[in-house]
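Novice: Below is one structure. I have some questions about it.
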Amino acid sequence: MTAAYTDLRDRSVAAEGVRAVYAPQQDSHLLIDAMRTTELALGRRVVDLCTGSGVVAIEAAVMGAAQVTAFDICPRAVRCARANALATVVDVDVHLGSWTRAIEFGPFDLVVCNPPYVPHASDADAEAILGPAWAWNAGEDGRLVLDPLCASAPELLADGAAMLIVQSEFAGIEHSLTALRTVGLDAEVIARQRIPFGPVLSARAAWLERTGRLEAGRRDEELVVIRADKR
Ligand SMILES: C[S@@+](CC[C@H](N)C(=O)[O-])C[C@H]1O[C@@H](n2cnc3c(N)ncnc32)[C@H](O)[C@@H]1O
C-alpha cells in the first residue's frame with residue numbers, strides 16, 4: 001500500500017488553511033523514494049525529525065516500520081500530521097517540539113529528515129512568499145538545522161542504524177558529508193535530483209548570485225539524499 005501524496009497535501013491545506021503546513025514536494029518524494037529503495041524502514045524504529053504534514057513518517061509506517069515517532073516545532077504541522085496518520089490508518093506518534101527532543105526518545109534504527117535548508121538573506125522577510133517560512137529558512141548558509149543535526153547523529157542512532165537526510169546543494173553537500181564523517185559515521189550521497197527553482201529560490205536567485213553561490217542565469221538546483229551509517 002502506498003499513501004497518496006495528493007491526498008495528504010489536500011488534507012493539510014483543508015485542515016489548516018492554504019500553505020499553513022509544508023505540502024509534500026520534490027524533496028519529500030526524493031527522501032521517501034530513498035527510504036523505499038534502501039528498505040531501511042521495514043521492521044525498524046523510525047523517527048521523522050521535521051515531519052510537517054507527516055508524509056515521510058506515514059510512508060515509513062506504510063513500508064512496515066515497527067514504530068514511527070515524529071517531531072515538528074509547528075503546532076499546525078503536528079495537528080496536520082496526526083490527522084493525516086489517522087486518515088491513512090497508521091500509527092505515528094507525533095510530538096510537538098524541536099527535533100532535538102528525539103534524543104530523549106532514541107536511539108532509533110532509522111532517522112529521516114527533510115529539514116529547513118534554504119539559505120536565508122537577512123532581508124528575506126521582505127519577500128512576498130506565502131507560506132510557513134520556518135519550514136525552509138535556515139540561516140545565511142542554510143545550515144541552521146543541518147549542522148546540529150549532523151553533530152547529534154551518533155546520539156540519535158542505535159549501533160547499525162542509518163540516517164537519511166535530504167538537502168539542497170545550496171546548503172553545502174560536502175559540508176554535511178564531512179560533518180557526518182567527523183562524528184564517526186559512514187556518509188555518502190545515495191540519490192540526486194535536479195529541479196527548477198520554486199518560488200522561494202526564485203525570489204532569492206539575485207542574492208545567491210550576488211553572494212557567489214549561483215552562476216549568473218542558472219535557475220535550477222540539485223537536491224540530494226545523504227545516507228549516514230553508524231557501524
Ligand atoms: C521542509 S519541511 C518538511 C516537511 C515534511 N517532512 C516533508 O518532507 O514534506 C520542514 C519542517 O520542519 C519543521 N521544523 C523547522 N524547524 C524545526 C525544528 N527545529 N525541529 C522540528 N521541526 C522543525 C517545520 O515546521 C516544517 O514542518
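The values are calculated or read from the model by the stated rules, or taken from the named source; none is laboratory data. Since the model is a prediction, treat every value here as computed from it, not as a measurement. Every residue, glycine as well, gets a Cβ built from its backbone with ideal geometry; the counts of neighbours run over all protein chains shown. Protein only, heavy atoms only, side chains kept; ligands, DNA and RNA dropped before computing areas. Shrake-Rupley method; radii C 1.70, N 1.55, O 1.52, S 1.80 Å.
Novice: Going by the conditions given, is SER176 surrounded by 14 or more Cβ atoms within 10 Å (Cβ to Cβ), hydroxyl-bearing (Ser, Thr, Tyr) and touching a Phe, Trp or Tyr at 6+ places or on another chain (Cβ under 7 Å)?
Specialist: Details: surrounded by 14 or more Cβ atoms within 10 Å (Cβ to Cβ): yes; hydroxyl-bearing (Ser, Thr, Tyr): yes; touching a Phe, Trp or Tyr at 6+ places or on another chain (Cβ under 7 Å): no.
Criteria not met by SER176.
Novice: Ok, one more. Tell me, yes or no, whether region 24-41 has at least one residue that is within 14 Å of the ligand (Cβ to nearest atom), at pLDDT below 95 and part of a helix (DSSP H, G or I).
Specialist: No, every residue in region 24-41 fails to be within 14 Å of the ligand (Cβ to nearest atom), at pLDDT below 95 and part of a helix (DSSP H, G or I).
Novice: Would you call THR100 open to solvent by 20 Å² or more (accessible area, probe 1.4 Å), among the hydroxyl-bearing types (Ser, Thr, Tyr) and near the ligand (Cβ under 10 Å from one of its atoms)? Reasoning before the result, please.
Specialist: Values: open to solvent by 20 Å² or more (accessible area, probe 1.4 Å): yes; among the hydroxyl-bearing types (Ser, Thr, Tyr): yes; near the ligand (Cβ under 10 Å from one of its atoms): yes.
Judged against the criteria, THR100 is a match.
Novice: Within region 180-214, which residues are among the aromatic types (Phe, Trp, Tyr) and touching a residue at least 60 places away in the same chain (Cβ under 8 Å)?
Specialist: First pass over region 180-214, keeping only residues among the aromatic types (Phe, Trp, Tyr): 197, 207.
If the condition is that a residue be among the aromatic types (Phe, Trp, Tyr) and touching a residue at least 60 places away in the same chain (Cβ under 8 Å), then TRP207 is the only one that fits.
Novice: Follow-up question, since we're still on this one. Any chance region 216-228 includes a residue that's assigned to a helix (DSSP H, G or I) and either open to solvent by 20 Å² or more (accessible area, probe 1.4 Å) or closer than 21 Å to ASP109 by Cβ (or both)? Break it down stepwise before answering.
Specialist: The first filter runs over region 216-228 and keeps only residues assigned to a helix (DSSP H, G or I), leaving none.
Looking through region 216-228, none of the residues is assigned to a helix (DSSP H, G or I) and either open to solvent by 20 Å² or more (accessible area, probe 1.4 Å) or closer than 21 Å to ASP109 by Cβ (or both).
Novice: Between residues in region 63-89 that are free of Cβ contacts under 8 Å to residues at least 60 places away in the same chain and residues that are within 8 Å of the ligand (Cβ to nearest atom) and aromatic (Phe, Trp, Tyr), which pairs lie under 6 Å by C-beta distance while being six or more apart or on different chains?
Specialist: If the second residue must be within 8 Å of the ligand (Cβ to nearest atom) and aromatic (Phe, Trp, Tyr), the pairs left are PHE71/TRP99.
Novice: Are any of the residues in region 78-87 hydrophobic (A, V, I, L, M, F, W, C), open to solvent by less than 30 Å² (accessible area, probe 1.4 Å) and either out of contact with any helix residue (DSSP H, G or I) (no Cβ under 9 Å at 6 or more places or on another chain) or farther than 14 Å from ASP48 by Cβ (or both)?
Specialist: So the first thing to find is which residues in region 78-87 are hydrophobic (A, V, I, L, M, F, W, C), and the list is 78, 80-81, 83, 85-87.
Add one more test, that the residue is open to solvent by less than 30 Å² (accessible area, probe 1.4 Å), and what stays is 78, 80-81, 85.
Keeping just the survivors that are either out of contact with any helix residue (DSSP H, G or I) (no Cβ under 9 Å at 6 or more places or on another chain) or farther than 14 Å from ASP48 by Cβ (or both) gives 78.
Scanning region 78-87, I find at least one residue that is hydrophobic (A, V, I, L, M, F, W, C), open to solvent by less than 30 Å² (accessible area, probe 1.4 Å) and either out of contact with any helix residue (DSSP H, G or I) (no Cβ under 9 Å at 6 or more places or on another chain) or farther than 14 Å from ASP48 by Cβ (or both), so the answer is yes.
Novice: So THR88 fits all but one of (1) farther than 17 Å from LEU156 by Cβ; (2) of a type outside the set (Lys, Arg); (3) within 13 Å of the ligand (Cβ to nearest atom); what number is the exception?
Specialist: Condition not satisfied by THR88: (3).
Novice: So PHE71 clears everything in (1) assigned to a strand (DSSP E or B); (2) open to solvent by 10 Å² or more (accessible area, probe 1.4 Å) except one condition, right? Which one?
Specialist: It fails just one condition, (2).
Novice: What is the number of the single condition among (1) open to solvent by 40 Å² or more (accessible area, probe 1.4 Å); (2) more than 20 Å from the chain's Cα centre (by Cα) that PRO196 does not meet?
Specialist: Only one criterion in (1) open to solvent by 40 Å² or more (accessible area, probe 1.4 Å); (2) more than 20 Å from the chain's Cα centre (by Cα) is unmet by PRO196, namely (2).
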